[in-house]
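Asker: Before anything else, here's the structure in question.
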Amino acid sequence: MKNVKVLGSGCANCRNTIRLIEEVAAAKGAQIVLEKVEDLQQIMTYGIMATPGVVVDGTVVHAGGMPARSKVESWF
């Protein structure tokens, strides 16, 4: 099971990134725990300067803008 965090303020790109991750994980049959992190202090601990950011199993894999579907598929 993968632990996935989406870092961001709750903007449209953040919400769409969450939706995309859920869709891709379901399509691939991947089991994930998806967490939305909106606290700015927590987001800053990951060292990203643009949101949304995505963290998979403790590693930042994306920052700034919505990731491409192919990129999300590579995480699973």
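Asker: Give me the 1.4 Å probe accessible area per residue for the chain, excluding ligands and nucleic acids, in Å². The partial results should precede the final answer.
Answerer: Numbers: 4260 Å² over 76 residues.
That works out to 56 Å² for each residue.
Asker: Of all beta bridges DSSP finds with both residues in the chain, what is the antiparallel percent, to the nearest 5? It would help to have the intermediate numbers written out before the result.
Answerer: Numbers: 8 of 14 bridges.
Here the share of antiparallel DSSP bridges comes out near 55 percent.
Asker: How large is the Kirkwood hydrodynamic radius of the stretch 35-74, in angstrom, based on all distinct alpha carbon pairs? Intermediate results must be reported in sequence, preceding the final value.
Answerer: Working: mean 1/r = 0.0937 Å⁻¹.
It is 10.7 Å.
Asker: For the ranges 28-35, 52-59, what's the packing order if you count other beta-carbon atoms within 10 Å of each residue, average per peptide, and put the highest first? Don't skip to the end; give the middle numbers.
Answerer: Numbers: 28-35: 12.0, 52-59: 17.8.
Packing order, densest peptide first, comes out as 52-59, 28-35.
Asker: Points 7 angstrom from Cα along the Cβ direction at Val60 and Arg19: gap in nanometres?
Answerer: 2.6
Asker: Leaving ligands, DNA and RNA out of it, report the carbon-plus-sulfur percent of the accessible area of the chain at a 1.4 Å probe.
Answerer: Values: 2110 of 4260 Å².
Here carbon and sulfur together make up 49 percent of the probe-accessible area.
Asker: Here is a further query. Taking every pair of distinct Cα atoms and averaging 1/r, then inverting, what Kirkwood hydrodynamic radius in Å comes out for the chain? Each step should come with its number before you reach the end.
Answerer: Values: mean 1/r = 0.0827 Å⁻¹.
Answer for the chain: a Kirkwood hydrodynamic radius of 12.1 Å.
Asker: Report the gain in length on full extension from Asp39 to Lys2: 0.36 nm times residue separation, minus Cα-Cα distance, nm rounded to one decimal. Working shown, then result.
Answerer: Working: separation 37, 0.36 × 37 = 13.32 nm, distance 2.15 nm.
Here the answer is 11.2 nm.
Asker: Across the stretch 13-28, in residue order, what do the Karplus-derived ³J(HN,Hα) couplings come to in whole Hz, using 6.51 cos²θ - 1.76 cosθ + 1.60 with θ = phi - 60° and x for Gly and Pro?
Answerer: 4, 5, 5, 5, 5, 4, 4, 4, 4, 4, 4, 5, 4, 5, 5, 8
The values are calculated or read from the model by the stated rules, or taken from the named source; none is laboratory data. Everything quoted here is computed from the prediction, not taken from an experiment. Cβ coordinates were reconstructed from backbone atoms using ideal geometry, including for glycine residues, and neighbour counts include every protein chain displayed. Quick note on the areas: whole protein, heavy atoms, side chains included, nothing else; ligands and nucleic acids left out. Shrake-Rupley method; radii C 1.70, N 1.55, O 1.52, S 1.80 Å.
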